[in-house]
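Trainee: Before we start, here is the structure in question, set down as structure tokens.
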Amino acid sequence: MIHEPARLALMALLYRAEEADFLFLLRESGLTKGNLQSHLARLEESGYIAIDKGFVGKIPRTVCRLTPAGRQAFKQYRRDLKKLAGSGPKNPQFRSARLQAEMLIVVTMPDFPAPPCGGRPVLRYK
């Protein structure tokens, strides 16, 4: 589920944030509205993200956050890629350039320390 490039990007964006609104994810992912909605729906069906829809005044607002299961799944995906990267080119699963690129992005992504307030940063697009 996470290995698909668009969903991997969305999981990585949400991993860093307590929550992110639809417009932020749209801008940062580079997906179209329809593609973004489709990928978010798939991640929600799998239990990896929670989507809250509401209004700010009369303006609709969609906010997404990783569930505990989604955060754990993303951590496990990163661990698995780190193991695979450590096995080097001799491993038959290490064939495709796409897989190598995914591994480079996900494995080298730093774990930022939590902000002093104890929570994760909240990313919002205004």
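The values are calculated or read from the model by the stated rules, or taken from the named source; none is laboratory data. It should be emphasised that the depicted structure is a prediction, and the values quoted were computed from it without experimental measurement. Cβ placement follows ideal geometry from the backbone for every residue including glycine, while neighbour counts extend to all protein chains displayed. The area values use the complete protein model at the heavy-atom level, side chains included, leaving out ligands, DNA and RNA. Shrake-Rupley method; radii C 1.70, N 1.55, O 1.52, S 1.80 Å.
This table checks each residue for (1) closer than 18 Å to residue 5 by Cα; (2) modelled with pLDDT of 90 or more; (3) β-branched (Val, Ile, Thr); (4) in contact with a Pro (Cβ under 6 Å, 6 or more places away or on another chain).
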position	(1), (2), (3), (4)
37	yes, yes, no, no
53	no, yes, no, no
58	no, yes, no, no
72	no, yes, no, no
79	yes, no, no, no
84	yes, no, no, no
97	yes, no, no, no
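Trainee: For the stretch 25-50, name all the residues that are over 15 Å from residue 66 (Cα atoms) and either over 13 Å from the mean Cα position of the chain (by Cα) or open to solvent by less than 30 Å² (accessible area, probe 1.4 Å) (or both).
Mentor: In the first step, residues of the stretch 25-50 are kept if they are over 15 Å from residue 66 (Cα atoms); the result is 26-38.
27, 30, 31, 32, 33, 34, 35, 36, 37, 38, listed by residue number.
Trainee: Hey, could you check the stretch 10-24 for residues that are open to solvent by 30 Å² or more (accessible area, probe 1.4 Å) and in contact (Cβ under 8 Å) with a residue 60 or more places away in the chain and say which is farthest from residue 74 (Cα to Cα)?
Mentor: 23
Trainee: Taking into account only those residues within the stretch 68-83 that are touching a residue at least 12 places away in the same chain (Cβ under 8 Å) and over 13 Å from the mean Cα position of the chain (by Cα), which is surrounded by the fewest Cβ atoms within 10 Å (Cβ to Cβ)? Don't jump to the end; show me each part of the working.
Mentor: Taking the stretch 68-83 and keeping what is touching a residue at least 12 places away in the same chain (Cβ under 8 Å), we get 69-71, 73-74, 77-78, 81-82.
Remaining after also requiring over 13 Å from the mean Cα position of the chain (by Cα): 81-82.
Numbers: 81: 18, 82: 13.
This residue is 82.
Trainee: While we're looking at this one, here's another question. If you check 47, 30, 34, 54, which single one turns out to be of a type outside the set (S, T, N, Q), on the phi > 0 side of the Ramachandran plot and without any contact (Cβ under 8 Å) to a residue 12 or more places away in the chain?
Mentor: Numbers: 47 fails: without any contact (Cβ under 8 Å) to a residue 12 or more places away in the chain; 34 fails: on the phi > 0 side of the Ramachandran plot; 54 fails: on the phi > 0 side of the Ramachandran plot.
Only one candidate passes the filter, namely 30.
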